[in-house]
Amino acid sequence: MRRKLKRISPAGYAGCYYLLSEWRDADEAGFDLLLTDGRQAWKCQVHRDDLHQMACEVDRDLFEYCAEARRALTSSASDDDDNFDFEVKTANNRVQLTWKKNIPGDDVKFKLGSLRLTACPEPGDIICRMLDFEVDYVTTLQSTISDLESENSQLRQQTEAVLKRLENCVAEKDSLEHDLFGKFKVLINSKKSRIRQLKQQVDEARELASQAASQQAAAAAARGKDDDEADGEALMSREDSGESMSLSSGRSMRRKQSVVANTQLLEDEEQSLAVQPPAKRRRRKESGAAGRQPDIPLPPSMSTLQTQSVASLRRKPAAESVELLASDGSNQLDDILDDM
(Lines give C-alpha, C1' and ligand atoms only; values in the text may rest on other atoms or scores of the structure.)
Protein backbone atom coordinates (compact mmCIF):
# COMPACT_ATOMS: atom_id res chain seq x y z
CA MET A 1 0.00 0.00 0.00
CA ARG A 2 1.37 3.38 -1.06
CA ARG A 3 0.13 6.43 0.79
CA LYS A 4 0.46 10.09 -0.04
CA LEU A 5 -0.85 13.20 1.78
CA LYS A 6 -1.73 16.22 -0.31
CA ARG A 7 -2.98 19.67 0.55
CA ILE A 8 -5.51 21.14 -1.87
CA SER A 9 -7.00 24.61 -2.11
CA PRO A 10 -10.26 24.58 -4.06
CA ALA A 11 -11.27 27.66 -5.97
CA GLY A 12 -13.66 29.89 -4.01
CA TYR A 13 -12.73 28.38 -0.64
CA ALA A 14 -10.77 30.38 1.91
CA GLY A 15 -9.33 27.40 3.73
CA CYS A 16 -7.71 24.19 2.59
CA TYR A 17 -8.36 20.47 2.65
CA TYR A 18 -6.03 17.60 3.36
CA LEU A 19 -6.33 14.60 1.08
CA LEU A 20 -4.78 11.25 1.99
CA SER A 21 -4.72 8.68 -0.82
CA GLU A 22 -3.80 5.05 -0.29
CA TRP A 23 -3.02 3.28 -3.55
CA ARG A 24 -2.97 -0.44 -3.93
CA ASP A 25 0.02 -2.26 -5.45
CA ALA A 26 -1.29 -1.80 -8.99
CA ASP A 27 -2.74 1.56 -9.92
CA GLU A 28 -5.59 0.00 -11.87
CA ALA A 29 -6.55 -2.10 -8.81
CA GLY A 30 -8.01 0.98 -7.08
CA PHE A 31 -7.32 3.32 -4.15
CA ASP A 32 -8.89 4.79 -0.95
CA LEU A 33 -9.39 8.52 -0.27
CA LEU A 34 -9.60 10.35 3.07
CA LEU A 35 -10.53 14.07 3.05
CA THR A 36 -10.69 16.43 6.03
CA ASP A 37 -10.84 20.12 6.74
CA GLY A 38 -9.72 19.71 10.39
CA ARG A 39 -13.24 19.40 11.79
CA GLN A 40 -14.98 16.90 9.59
CA ALA A 41 -13.78 13.93 7.56
CA TRP A 42 -14.99 12.07 4.50
CA LYS A 43 -13.88 8.82 2.90
CA CYS A 44 -14.31 6.90 -0.34
CA GLN A 45 -13.17 3.58 -1.88
CA VAL A 46 -12.50 3.33 -5.64
CA HIS A 47 -12.35 -0.08 -7.30
CA ARG A 48 -11.16 -1.24 -10.70
CA ASP A 49 -14.63 -1.04 -12.23
CA ASP A 50 -15.00 2.56 -11.09
CA LEU A 51 -11.66 3.46 -12.69
CA HIS A 52 -12.66 1.74 -15.92
CA GLN A 53 -15.95 3.68 -16.02
CA MET A 54 -14.21 7.03 -15.42
CA ALA A 55 -11.65 6.23 -18.14
CA CYS A 56 -14.45 5.51 -20.60
CA GLU A 57 -16.13 8.83 -19.71
CA VAL A 58 -13.03 10.81 -20.76
CA ASP A 59 -12.18 8.42 -23.63
CA ARG A 60 -8.82 7.33 -22.18
CA ASP A 61 -7.03 4.05 -21.81
CA LEU A 62 -7.33 2.50 -18.34
CA PHE A 63 -3.64 2.45 -17.58
CA GLU A 64 -3.12 5.94 -18.96
CA TYR A 65 -6.07 7.25 -16.96
CA CYS A 66 -4.86 5.61 -13.74
CA ALA A 67 -1.42 7.20 -14.15
CA GLU A 68 -2.99 10.59 -14.81
CA ALA A 69 -5.34 10.30 -11.77
CA ARG A 70 -2.53 9.22 -9.47
CA ARG A 71 -0.41 12.17 -10.58
CA ALA A 72 -3.33 14.56 -9.91
CA LEU A 73 -4.13 13.17 -6.41
CA THR A 74 -0.59 12.71 -5.12
CA SER A 75 1.60 15.37 -6.78
CA SER A 76 3.03 18.07 -4.57
CA ALA A 77 3.00 21.79 -5.16
CA SER A 78 6.50 21.64 -6.58
CA ASP A 79 5.52 19.08 -9.22
CA ASP A 80 2.34 19.41 -11.27
CA ASP A 81 0.00 21.15 -8.83
CA ASP A 82 -0.36 24.09 -11.16
CA ASN A 83 -1.70 21.79 -13.89
CA PHE A 84 -4.66 20.50 -11.84
CA ASP A 85 -7.60 22.33 -10.30
CA PHE A 86 -9.91 20.89 -7.58
CA GLU A 87 -13.51 21.57 -6.65
CA VAL A 88 -15.14 20.49 -3.38
CA LYS A 89 -18.93 20.67 -3.00
CA THR A 90 -20.66 19.61 0.22
CA ALA A 91 -24.32 18.61 0.48
CA ASN A 92 -26.14 16.42 3.04
CA ASN A 93 -23.00 15.14 4.73
CA ARG A 94 -21.57 14.26 1.36
CA VAL A 95 -18.73 15.80 -0.58
CA GLN A 96 -18.32 15.86 -4.37
CA LEU A 97 -14.61 15.98 -5.23
CA THR A 98 -13.78 16.93 -8.86
CA TRP A 99 -10.32 17.43 -10.46
CA LYS A 100 -9.64 19.02 -13.81
CA LYS A 101 -6.63 19.15 -16.14
CA ASN A 102 -5.36 22.66 -16.74
CA ILE A 103 -3.48 23.34 -19.98
CA PRO A 104 -1.24 26.36 -19.37
CA GLY A 105 -1.08 29.00 -22.06
CA ASP A 106 -4.40 28.11 -23.64
CA ASP A 107 -6.53 28.70 -20.51
CA VAL A 108 -8.35 25.45 -21.20
CA LYS A 109 -9.56 23.00 -18.54
CA PHE A 110 -11.17 19.63 -19.00
CA LYS A 111 -12.61 17.30 -16.40
CA LEU A 112 -10.61 14.19 -15.56
CA GLY A 113 -12.65 12.65 -12.71
CA SER A 114 -15.19 13.13 -9.99
CA LEU A 115 -15.83 11.16 -6.78
CA ARG A 116 -18.47 11.26 -4.06
CA LEU A 117 -17.16 10.92 -0.51
CA THR A 118 -19.31 10.01 2.52
CA ALA A 119 -18.92 11.53 5.96
CA CYS A 120 -17.13 9.60 8.73
CA PRO A 121 -18.88 9.23 12.09
CA GLU A 122 -15.55 9.59 13.94
CA PRO A 123 -13.56 12.33 12.17
CA GLY A 124 -10.98 12.26 15.00
CA ASP A 125 -9.86 8.79 13.93
CA ILE A 126 -9.33 9.99 10.39
CA ILE A 127 -7.38 13.00 11.61
CA CYS A 128 -5.25 10.81 13.89
CA ARG A 129 -4.64 8.44 11.01
CA MET A 130 -3.43 11.33 8.88
CA LEU A 131 -1.22 12.60 11.69
CA ASP A 132 0.25 9.13 12.20
CA PHE A 133 1.05 8.96 8.51
CA GLU A 134 2.67 12.37 8.68
CA VAL A 135 4.72 11.43 11.72
CA ASP A 136 5.86 8.22 10.11
CA TYR A 137 6.61 10.04 6.91
CA VAL A 138 8.55 12.73 8.74
CA THR A 139 10.45 10.08 10.68
CA THR A 140 11.30 8.29 7.47
CA LEU A 141 12.43 11.56 5.94
CA GLN A 142 14.54 12.36 9.00
CA SER A 143 16.14 8.92 8.86
CA THR A 144 16.82 9.38 5.18
CA ILE A 145 18.24 12.83 5.86
CA SER A 146 20.43 11.43 8.62
CA ASP A 147 21.72 8.70 6.34
CA LEU A 148 22.37 11.24 3.61
CA GLU A 149 24.16 13.54 6.05
CA SER A 150 26.32 10.66 7.26
CA GLU A 151 27.09 9.71 3.69
CA ASN A 152 27.80 13.33 2.85
CA SER A 153 30.12 13.56 5.85
CA GLN A 154 32.04 10.51 4.68
CA LEU A 155 32.18 11.88 1.19
CA ARG A 156 33.39 15.20 2.57
CA GLN A 157 36.14 13.48 4.51
CA GLN A 158 37.14 11.49 1.46
CA THR A 159 37.10 14.65 -0.60
CA GLU A 160 39.33 16.44 1.89
CA ALA A 161 41.74 13.50 1.91
CA VAL A 162 41.77 13.44 -1.87
CA LEU A 163 42.38 17.19 -1.96
CA LYS A 164 45.28 16.89 0.46
CA ARG A 165 46.71 14.06 -1.57
CA LEU A 166 46.23 16.12 -4.70
CA GLU A 167 48.05 19.06 -3.14
CA ASN A 168 50.94 16.77 -2.19
CA CYS A 169 51.00 15.34 -5.70
CA VAL A 170 51.03 18.85 -7.15
CA ALA A 171 53.91 19.85 -4.87
CA GLU A 172 55.85 16.71 -5.80
CA LYS A 173 55.11 17.33 -9.46
CA ASP A 174 56.40 20.90 -9.23
CA SER A 175 59.54 19.74 -7.47
CA LEU A 176 60.09 16.99 -10.01
CA GLU A 177 59.54 19.39 -12.89
CA HIS A 178 62.02 21.85 -11.34
CA ASP A 179 64.66 19.12 -11.01
CA LEU A 180 64.01 17.79 -14.48
CA PHE A 181 64.12 21.25 -16.02
CA GLY A 182 67.44 21.93 -14.29
CA LYS A 183 68.95 18.67 -15.57
CA PHE A 184 67.47 19.25 -18.98
CA LYS A 185 68.92 22.76 -19.09
CA VAL A 186 72.41 21.45 -18.32
CA LEU A 187 72.01 18.71 -20.95
CA ILE A 188 70.76 21.17 -23.57
CA ASN A 189 73.66 23.56 -22.91
CA SER A 190 76.19 20.73 -23.26
CA LYS A 191 74.55 19.58 -26.49
CA LYS A 192 74.60 23.12 -27.84
CA SER A 193 78.30 23.48 -27.09
CA ARG A 194 78.97 20.11 -28.70
CA ILE A 195 76.99 21.15 -31.77
CA ARG A 196 79.02 24.36 -32.01
CA GLN A 197 82.26 22.38 -31.80
CA LEU A 198 81.10 19.98 -34.50
CA LYS A 199 80.07 22.87 -36.73
CA GLN A 200 83.47 24.47 -36.24
CA GLN A 201 85.20 21.18 -37.11
CA VAL A 202 83.00 20.80 -40.18
CA ASP A 203 83.85 24.33 -41.32
CA GLU A 204 87.57 23.69 -40.80
CA ALA A 205 87.34 20.40 -42.69
CA ARG A 206 85.54 22.12 -45.57
CA GLU A 207 88.17 24.88 -45.66
CA LEU A 208 90.99 22.31 -45.72
CA ALA A 209 89.19 20.35 -48.43
CA SER A 210 88.76 23.49 -50.53
CA GLN A 211 92.43 24.36 -50.10
CA ALA A 212 93.50 20.82 -51.04
CA ALA A 213 91.20 20.93 -54.07
CA SER A 214 92.66 24.26 -55.21
CA GLN A 215 96.21 22.93 -54.74
CA GLN A 216 95.36 19.79 -56.69
CA ALA A 217 93.82 21.90 -59.46
CA ALA A 218 96.95 24.08 -59.63
CA ALA A 219 99.21 21.00 -59.70
CA ALA A 220 97.06 19.41 -62.38
CA ALA A 221 97.24 22.62 -64.45
CA ALA A 222 101.04 22.70 -64.08
CA ARG A 223 101.31 19.04 -65.05
CA GLY A 224 99.07 19.66 -68.04
CA LYS A 225 101.30 22.54 -69.16
CA ASP A 226 104.44 20.38 -68.79
CA ASP A 227 102.74 17.56 -70.67
CA ASP A 228 101.79 19.94 -73.47
CA GLU A 229 105.40 21.13 -73.75
CA ALA A 230 106.70 17.55 -73.68
CA ASP A 231 104.16 16.58 -76.34
CA GLY A 232 105.32 19.48 -78.53
CA GLU A 233 108.96 18.48 -78.20
CA ALA A 234 108.11 14.84 -78.86
CA LEU A 235 106.16 15.85 -81.91
CA MET A 236 109.06 17.87 -83.25
CA SER A 237 111.49 14.98 -82.61
CA ARG A 238 109.09 12.60 -84.33
CA GLU A 239 108.96 14.89 -87.36
CA ASP A 240 112.80 15.01 -87.52
CA SER A 241 113.15 11.28 -87.08
CA GLY A 242 110.34 10.71 -89.59
CA GLU A 243 112.43 12.13 -92.42
CA SER A 244 115.43 9.87 -91.64
CA MET A 245 113.14 6.91 -91.23
CA SER A 246 111.54 7.61 -94.58
CA LEU A 247 115.00 7.62 -96.25
CA SER A 248 116.09 4.38 -94.56
CA SER A 249 112.74 2.79 -95.25
CA GLY A 250 113.07 3.68 -98.95
CA ARG A 251 116.47 2.09 -99.10
CA SER A 252 115.32 -1.03 -97.28
CA MET A 253 112.33 -1.29 -99.60
CA ARG A 254 114.50 -1.11 -102.67
CA ARG A 255 116.86 -3.73 -101.21
CA LYS A 256 113.96 -6.05 -100.38
CA GLN A 257 112.57 -5.60 -103.89
CA SER A 258 115.92 -6.56 -105.45
CA VAL A 259 116.23 -9.60 -103.17
CA VAL A 260 112.72 -10.72 -104.10
CA ALA A 261 113.50 -10.22 -107.81
CA ASN A 262 116.72 -12.22 -107.56
CA THR A 263 114.99 -14.99 -105.66
CA GLN A 264 112.25 -15.16 -108.27
CA LEU A 265 114.82 -15.24 -111.04
CA LEU A 266 116.70 -18.11 -109.40
CA GLU A 267 113.50 -20.10 -108.95
CA ASP A 268 112.55 -19.59 -112.62
CA GLU A 269 116.00 -20.69 -113.77
CA GLU A 270 115.94 -23.76 -111.60
CA GLN A 271 112.58 -24.74 -112.98
CA SER A 272 113.84 -24.29 -116.57
CA LEU A 273 116.86 -26.48 -115.83
CA ALA A 274 114.72 -29.14 -114.29
CA VAL A 275 112.41 -29.17 -117.33
CA GLN A 276 115.19 -29.67 -119.96
CA PRO A 277 115.71 -33.34 -121.06
CA PRO A 278 118.99 -35.13 -120.14
CA ALA A 279 119.95 -35.76 -123.79
CA LYS A 280 119.83 -32.10 -124.64
CA ARG A 281 121.89 -31.28 -121.58
CA ARG A 282 124.53 -33.83 -122.60
CA ARG A 283 124.70 -32.43 -126.13
CA ARG A 284 125.17 -29.02 -124.79
CA LYS A 285 127.86 -30.22 -122.43
CA GLU A 286 129.66 -32.12 -125.24
CA SER A 287 129.47 -29.26 -127.66
CA GLY A 288 130.72 -26.97 -124.98
CA ALA A 289 133.65 -29.29 -124.15
CA ALA A 290 134.61 -29.69 -127.85
CA GLY A 291 134.65 -26.03 -128.59
CA ARG A 292 136.41 -25.06 -125.36
CA GLN A 293 139.94 -23.73 -125.67
CA PRO A 294 142.24 -25.03 -123.01
CA ASP A 295 144.28 -21.84 -122.79
CA ILE A 296 141.40 -19.40 -121.99
CA PRO A 297 139.21 -20.43 -119.21
CA LEU A 298 135.60 -19.68 -119.87
CA PRO A 299 133.41 -18.10 -117.28
CA PRO A 300 131.09 -20.41 -115.60
CA SER A 301 127.81 -20.84 -117.30
CA MET A 302 124.56 -19.37 -116.05
CA SER A 303 123.12 -22.74 -115.25
CA THR A 304 126.13 -23.79 -113.20
CA LEU A 305 126.07 -20.63 -111.16
CA GLN A 306 122.37 -20.89 -110.69
CA THR A 307 122.67 -24.54 -109.64
CA GLN A 308 125.42 -23.74 -107.17
CA SER A 309 123.52 -20.79 -105.83
CA VAL A 310 120.36 -22.82 -105.49
CA ALA A 311 122.17 -25.69 -103.83
CA SER A 312 123.88 -23.35 -101.44
CA LEU A 313 120.55 -21.70 -100.71
CA ARG A 314 118.97 -25.07 -100.03
CA ARG A 315 121.73 -26.05 -97.62
CA LYS A 316 121.54 -22.76 -95.68
CA PRO A 317 118.64 -21.53 -93.71
CA ALA A 318 116.23 -19.03 -95.11
CA ALA A 319 117.70 -16.11 -93.17
CA GLU A 320 121.28 -16.92 -94.40
CA SER A 321 119.99 -17.32 -98.00
CA VAL A 322 118.42 -13.94 -97.88
CA GLU A 323 121.61 -12.40 -96.48
CA LEU A 324 123.71 -14.13 -99.17
CA LEU A 325 121.46 -12.97 -101.92
CA ALA A 326 121.32 -9.51 -100.46
CA SER A 327 125.16 -9.20 -100.17
CA ASP A 328 126.72 -10.60 -103.31
CA GLY A 329 124.01 -12.37 -105.27
CA SER A 330 123.14 -9.27 -107.16
CA ASN A 331 126.79 -8.67 -108.15
CA GLN A 332 127.28 -12.27 -109.37
CA LEU A 333 124.08 -12.12 -111.36
CA ASP A 334 125.14 -8.87 -112.94
CA ASP A 335 128.50 -10.41 -113.94
CA ILE A 336 126.82 -13.49 -115.35
CA LEU A 337 124.37 -11.44 -117.33
CA ASP A 338 127.22 -9.34 -118.76
CA ASP A 339 129.11 -12.49 -119.86
CA MET A 340 126.01 -13.88 -121.55
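The values are calculated or read from the model by the stated rules, or taken from the named source; none is laboratory data. These numbers were taken from a predicted model, which means no experiment stands behind them. FYI the Cβ positions are ideal-geometry reconstructions off the backbone, even for glycines, and counts take in every protein chain you see. Heads up: the accessible areas ignore ligands, DNA and RNA and are worked out on the full protein's heavy atoms, side chains in. Shrake-Rupley method; radii C 1.70, N 1.55, O 1.52, S 1.80 Å.
Working out 0.36 nm times the residue gap between GLN215 and PHE63, then minus their Cα-Cα distance, what length gain in nm do you get to one decimal?
43.9 nm
Can you flag which of LYS6/LYS109; LYS164/LYS191; LYS199/LYS225 are past 30 Å Cα-Cα?
LYS164/LYS191; LYS199/LYS225
Run the quick spin-label model on ARG71 and LEU187: label points 7 Å from Cα toward the beta carbon, then report their separation in nm to one decimal.
Between ARG71 and LEU187, the simple spin-label model gives 6.5 nm.
Within the range 142-218, what whole-number % of the accessible surface is contributed by carbon and sulfur, with the 1.4 Å probe and all protein chains included in the calculation?
56 percent
Taking a ≥ b ≥ c as the square roots of the eigenvalues of the Cα gyration tensor of the range 89-173, is the shape rounded (a/c under 1.5), prolate (a/b larger than b/c) or oblate?
Oblate, since a/c reaches 1.5 and b/c is not below a/b.
Given 0.36 nm per residue, what is the gain on full extension from ARG7 to ASP226 after removing their alpha carbon distance, in nm?
Additional length available on full extension: 66.1 nm.
Extension gain ASN102-GLN157, at 0.36 nm per residue separation less the Cα-Cα distance, in nm?
Net length gain for the segment: 15.0 nm.
Gap in Å between the Cα centre of the range 112-183 and the Cα centre of the range 1-37?
28 Å
In square nanometres, what is the average projected area of the Cα convex hull of the range 140-215?
The directionally averaged projection comes out at 8.3 nm².
Averaged per residue, what accessible area in Å² does the range 37-142 show with a 1.4 Å probe, protein chains only?
Per-residue accessible area for the range 37-142 comes out at 63 Å².
Using the Karplus equation 6.51 cos²θ - 1.76 cosθ + 1.60 (θ = phi - 60°), what ³J(HN,Hα) coupling, rounded to whole Hz, does each residue of the range 128-145 give in order, writing x for Gly and Pro?
Taking θ as phi minus 60°, the curve returns 4, 4, 5, 5, 4, 4, 5, 5, 4, 5, 5, 4, 4, 5, 5, 5, 4, 5 Hz for the range 128-145.
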